[in-house]
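Visitor: After the structure tokens below, expect a handful of questions from me.
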Amino acid sequence: MSEPNKQVVIRFIQAMGTSDAATAATCLAPDAFTLAKGFGKFAGVRRYDTIVGTIAAFKELVPTGLTPTIHTVTAEGDRVIVEFEGNATLVNGESYNNQYCMVFTLLDGKIKQVNEYFCTLLADKVLWPLVEAATRQKKI
């Protein structure tokens, strides 16, 4: 079961990077959620609709996409762990390059849970002001 689960997770990460919410949605269970670990503004739980909506909305903040460079993929049964870097140019021209470790739990070939680990300090400093501005302008 590990190899098909790895493919689902990689497809999800690639869809995330290109703001392809439709493809990302096919990888998720209806009750899927992410848990961004840490204490920054992006920390917390996001449910299916928010996950898919956020992926769609990211094209406003990252018009050229977030290019994931995957370093490791480790899978055992229904658990897949991916270490990668995401590199992007934001709508304001600023670079955003963060490091991620995501722990995926799958059930029946769909992602049920994602524990996300990334530099929340960088995300708060670089991304959060853009999210706030887009929210005020009702772009996302």
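The numbers here are math on the coordinates, done by the rules we state, and not lab data. No experiment lies behind these values; they were computed from the predicted model shown. FYI the Cβ positions are ideal-geometry reconstructions off the backbone, even for glycines, and counts take in every protein chain you see.
Visitor: Whole-Hz ³J(HN,Hα) for each residue in the range 89-99, computed from phi via Karplus 6.51 cos²θ - 1.76 cosθ + 1.60 with θ = phi - 60°, x for glycine and proline: what do you get?
Guide: 10, 7, 4, 8, x, 7, 7, 10, 10, 10, 10
Visitor: Counting only residues 5 or more places away or on other chains, whose amide H sits under 5 Å from the amide H of Leu107 once H atoms are built in the peptide plane?
Guide: Under 5 Å from the amide H of Leu107: Lys112.
Visitor: While we're here: Select one label from (i) 24.8, 75; (ii) 13.9, 41; (iii) 14.3, 44: the one whose number is Rg and Dmax of the Cα atoms in Å as derived from the coordinates shown.
Guide: Structure-derived value, by its label: (iii).
Visitor: For the range 49-57, in order, what is each residue's ³J(HN,Hα) by Karplus, 6.51 cos²θ - 1.76 cosθ + 1.60 with θ = phi - 60°, in whole Hz (x at glycine and Pro)?
Guide: Couplings: 4, 6, 4, 5, x, 5, 4, 5, 6 Hz.
Visitor: Using only helices, what value at 222 nm comes out for the chain when you add -39,500 (n - 2.57) per DSSP H run of length 4 or more and divide by the total residues, to the nearest 500 deg cm²/dmol? Mind dumping the intermediate values first?
Guide: Details: 4 runs with 46 residues, N = 140.
Estimated from H runs of four or more residues: -10000 deg cm²/dmol.
Visitor: Just list whichever of Lys37/Lys112; Lys59/Lys138; Lys112/Lys138; Lys6/Lys37; Lys41/Lys112 have alpha carbons separated by over 20 Å in the model shown.
Guide: With Cα atoms farther than 20 Å apart: Lys112/Lys138; Lys6/Lys37; Lys41/Lys112.
Visitor: Taking K and R as +1 and D and E as -1, what net charge do the other residues with C-beta under 12 Å from the C-beta of Gln99 add up to?
Guide: So the surrounding residues net to -3.
Visitor: Next question. Find the centroid of the Cα atoms in the range 109-140 and in the range 43-72, then give the distance between the two in whole Å.
Guide: Cα centroid of the range 109-140 versus Cα centroid of the range 43-72: 7 Å apart.
Visitor: For the range 80-87, take each phi angle, set θ = phi - 60°, evaluate the Karplus expression 6.51 cos²θ - 1.76 cosθ + 1.60, and give the result in whole Hz per residue in order, putting x for glycine and proline.
Guide: 10, 10, 10, 9, 8, 10, x, 10
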